[in-house]
Amino acid sequence: MKRIALVLLAFASIAISDPALASVSPAPTASPAKSAANAAADFIKRGRAFIRAHNNAAAIEMFNKAIAVEPNDAVAYAARGDAKANLNDDKGALADYDQAIALDPQYEYAYATRCDTRDVMNDETAALEDCNKAVALDPTDGFAWERRGRVNYYLNDYKSADSDLSKAISINDADGEAYADRCNARRALQQFDGARTDCAQAVTITPDRPFAFMARGHLEEATGEFTAAVKDLGKCLSLDSGDAICHFYRGLAYTNHGDWGKAKSDYDAYLKVYPNDGDALFNRATAEKHLGDTASAIVDAKAALNQYKVDGRTSDAADAQTLLDSLHG
């Protein structure tokens, strides 16, 4: 199952609103009295203020100006990559991080953020290489450890993920994402008590972020706490109505409740974003079968069967064939 990237707001430990930009000096212009490097630094500073204000398009304009006056400024390229990543322009972000590293092969932050972008693009092997480089260059960067932990989780190396995320938390125990990610890793390791503690901490630290409720909702769904899962995943969706992953997990909870109509609605929302997910197709076909919509169930069961075959999931393909046979009666 694919996933949605968590938005990375670089240097966003202190959020500001648009009016606060009034305190930022007017956009600088390079002059003979100011060096290109200083002019670029001023543009970068202003661009980062725009990122903190969630105005990534304006931030990109500032970083473009920085690069125009100082084309060899690795920091400007990395900062522009952050803004592009926030706008889900993953290819553009990757190109900027590549350029930042080409200009400065020891630029740890660029490796860490390129790791994050490659993770989002499902290139986990390359992402792991970047995160390994980042933690080697700066073992005190909690962000790099947190991102490597997430990559290891998606590589199904849950013990390494737990270790990396524990390191990230030891560096910054206010990192809500690290707690949510370690909750996921410990759920996968079936260390449910530790997972519950981590998810509770993630929700306490970041009550306004959907990922905290997603992680806890997934844990609750996996441990049979379906009513609690529906509540937490609903909270995730109230914070971000477009979070398809929360729709998927809530669909699972509704399925286990036998609430087939609501389950189908969640799978519908998820499949709009990820139309080739075999599990969601199979689950929606099951819901449609229970709702008496045999024609739609057959279509989805066939699609699930084909996708499982493409993915090499032989056992799941057999289950899809069994479902399909039952629909043909």
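All of the numbers you see were taken from the coordinates with simple rules; none came from a lab. Note that this is a predicted model, so its numbers are computed, not measured. A quick note on method: Cβ atoms are made from the backbone with ideal geometry, for glycine too, and the neighbour counts reach across all protein chains shown.
Below is a table of values for the structure above.
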read-out	value
Average Cα contact separation per residue, the range 185-256, under 8 Å, 6 or more apart, as relative contact order %	26 percent
Semi-axes of the equivalent ellipsoid for the range 184-329, Cα gyration tensor, largest first, Å	29, 16, 13
Förster-model FRET efficiency, 22 Å R0, N172 and S238, C-beta, rounded to 0.05	0.20
Residue-averaged 222 nm ellipticity for the chain, from DSSP H runs of 4+ at -39500 (n - 2.57), nearest 500	-23500 deg cm²/dmol
At 0.890 mPa s and 25 °C, Stokes D of the range 35-139 from Kirkwood alpha-carbon radius, µm² per second	182 µm²/s
FRET efficiency, 1/(1 + (r/R0)^6) with R0 30 Å, evaluated for N38 and A136 via beta carbons	0.45
Total charge dipole magnitude, the range 246-322, about the Cα centre, Cβ charges on Lys, Arg, Asp, Glu only, Debye to nearest 20	60 debye
Helix axis angle, 244-257 relative to the chain longest principal axis, alpha carbon, degrees	20 degrees
Per-residue HN-Hα couplings for the range 89-97 [Karplus 6.51, -1.76, 1.60; θ = phi - 60°; Hz; x = Gly/Pro]	8, 5, 5, x, 4, 4, 4, 5, 5
Of H328, A269, A303, farthest towards positive along the dipole that unit charges on Lys, Arg, Asp, Glu beta carbons give the range 189-329	A269
Translational D in µm²/s for the range 86-132 (Stokes-Einstein at 10 °C, 1.306 mPa s, Kirkwood Rh from C-alpha pairs)	153 µm²/s
Relative contact order (percent, whole number), the chain, Cα cutoff 8 Å, 6+ residue spacing	8 percent
Rg over Rh, two decimals, the chain (C-alpha only, Kirkwood Rh)	1.04
Helix axis angle, 56-69 relative to the chain longest principal axis, alpha carbon, degrees	40 degrees
Distance violations [Cα-Cα > 32 Å] among K91/K133; K84/K289; K235/K272; K65/K235; K133/K264; K91/K289	K84/K289; K65/K235; K133/K264; K91/K289
Charge dipole magnitude, Cβ of K and R +1, D and E -1 - the chain, Cα centre, debye nearest 20	400 debye
Pair N72, A200: separation of 7 Å Cα→Cβ label points (nm)	5.6 nm
0 to 90° range, to nearest 10: angle between helix 176-188 axis and the chain longest Cα axis	30 degrees
Charge dipole magnitude, Cβ of K and R +1, D and E -1 - the range 67-182, Cα centre, debye nearest 20	160 debye
Highest average packing first - 180-188, 297-305, 85-93, Cβ atoms within 10 Å	180-188, 297-305, 85-93
